[in-house]
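For reference, the structure is listed below as structure tokens.
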Amino acid sequence: MTPATLETVARMRLVAHRLIEPLATPLDAARHLTCAQGQDLPGALTSLALRTTGRSLDEVRAAFDAGHLVRTWPMRGTLFVVPAEDAGWVRELTAAKVLQSTERRRAGLGLDAATIDRAEAVARERLAGAVVGDPASGLVRAELLEAWQEARLATDAGRGYHLLFHLALRGVLVQGPMAGKEQRFVLAEEWVTAPRTLEREEAVRELLRRYVAARGPVPVEDFCWWSKLTKVEARAALAD
């Protein structure tokens, strides 16, 4: 590319990121991005606030407490902030591949199917009864790990993290209301009250469209790296 073309692409991406023309609410910003990098919670909150007219961290926190936003592992084995309504269909697109890629690690930690099923049962029992809008709903990470330890489930050496991660990929858990500098885990079926459902081909088209709108101009290879979907599916969606 020539320097002029590079500058044009950079300017177009600033516009696509909605850093120049911010959106009205944190939910609008999250819908635009679809999956916003969420490994670092303070950074994720700031990233969404910068894309809203209010530029308010309190508004972003309130959006989590209200059940508009969740943080979970929808793809790539990475934490993202996602509109609650989109968490399910995005996860269904990509979870199988992530679960397959982490199977050996789980086996090495002794997390067999029976152990994971027990962890899910404990989580469902301890987390049941979340009320959307109630920031006291759910348990913070340390409390959920303690519940598993009380049930004689090992959480050391990364086992606790992998149980959280696996149950999120199963669609059991999401991180919802804020609890100071962290979030509380809640049951997805209780906290996500209006999930969207999309057939696979429609979902790939929707994810591609929103990725390009929020980050373009981009080549299809960028979308495949980001989503870990195949080029065959991505190019079919692009053709549509």
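Solvent exposure of segment 162-240 amounts to 47 Å² per residue of accessible area, where only protein heavy atoms count and the probe is 1.4 Å.
Which angle between 0 and 90 degrees, to the nearest 10, do you get for helix 87-101 versus the longest principal axis of the chain when only C-alpha atoms count? For helix 87-101, the angle is close to 70 degrees.
Relative to the globular-protein estimate of 2.2 N^0.38 Å, the Cα radius of gyration of segment 110-164 stands at 1.16. Between helix 200-215 and the chain, what is the angle of the helix's C-alpha long axis to the longest principal axis, kept within 0 to 90° and rounded to the nearest 10? The angle comes out at about 60 degrees. Net charge of the neighbourhood of GLU21, taken over other residues with C-beta under 14 Å away and scored Lys/Arg +1, Asp/Glu -1, is +4. Using alpha carbons only, the radius of gyration of segment 1-122 set against its Kirkwood radius gives Rg/Rh = 1.10. Descending by average beta-carbon neighbour count within 10 Å, the peptides 17-23, 46-52 line up as 46-52, 17-23, the highest first. Here the chain has an Rg and Dmax of 18.6, 62 Å, counting Cα atoms alone. Leaving ligands, DNA and RNA out of it, report the carbon-plus-sulfur percent of the accessible area of the chain at a 1.4 Å probe. Carbon and sulfur together cover 54 percent of it. The trypsin sites (Lys or Arg not before Pro) found in segment 168-240 that occupy coil by DSSP, while having at most 16 further C-beta atoms within 10 Å, are ARG170, LYS181, ARG196, LYS228. Scaled to the globular estimate 2.2 N^0.38 Å, the Cα spread of segment 103-240, given as radius of gyration, is 1.28. Inter-part distance, segment 94-137 to segment 149-217, computed on C-alpha centroids, equals 10 Å. Each 10 Å bin, from zero up to the one with the longest distance, holds this percent of the alpha carbon pairs of segment 84-144: 17, 33, 41, 9. Applying the Kirkwood pairwise sum to the alpha-carbon positions of segment 167-207 produces a hydrodynamic radius of 11.9 angstrom.
The values are calculated or read from the model by the stated rules, or taken from the named source; none is laboratory data. Model, not experiment: these values are computed from the prediction. Cβ sites come from the backbone with ideal geometry, for glycine too, and all protein chains shown count toward neighbours. The area values use the complete protein model at the heavy-atom level, side chains included, leaving out ligands, DNA and RNA. Shrake-Rupley method; radii C 1.70, N 1.55, O 1.52, S 1.80 Å.
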